[in-house]
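J.: What follows is a single structure, and I will ask about it in a moment.
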Amino acid sequence: MGGLGAIGVPGLVIILVIVLIVFGPRKLPEIGGAVGKTFAEFKKSTKGLMEDDDDSVKKVEKKSDVS
């Protein structure tokens, strides 16, 4: 089970320090805002996909009930 949860707090601190060194403190708020918007869009799109899957499952269940 990989993913973002496997990084942990020390890993996130190291990543933050590297980003701070590479981009500098003035660009950090812009980068944070862009990352936040990206995660928000990702969450919105995955929520839409999950709702679509739920709708298709409900349609299949209704068809099986009718038969």
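J.: Calculate the dipole size of region 7-57 relative to its Cα centre from +1 charges on Lys and Arg beta carbons and -1 charges on Asp and Glu beta carbons; express the result in debye to the nearest 20. Intermediate results must be reported in sequence, preceding the final value.
T.: Details: 6 positive and 7 negative charges, 113 e Å.
Value, rounded to 20: 540 debye.
J.: In addition: Compute the accessible area per residue over region 7-57, keeping the other protein chains in place, probe 1.4 Å, unit Å².
T.: With the other protein chains kept in place, region 7-57 gives 86 Å² per residue.
J.: Also, quick follow-up: Classify region 7-57 from the C-alpha gyration tensor, please: rounded if a/c falls under 1.5, else prolate or oblate depending on whether a/b exceeds b/c.
T.: oblate
The values are calculated or read from the model by the stated rules, or taken from the named source; none is laboratory data. Fair warning: this is a prediction, and the values are worked out from it, not measured in the lab. Here Cβ is always computed from backbone atoms with ideal geometry, including for glycine, and neighbour counts include all displayed protein chains. Quick note on the areas: whole protein, heavy atoms, side chains included, nothing else; ligands and nucleic acids left out. Shrake-Rupley method; radii C 1.70, N 1.55, O 1.52, S 1.80 Å.
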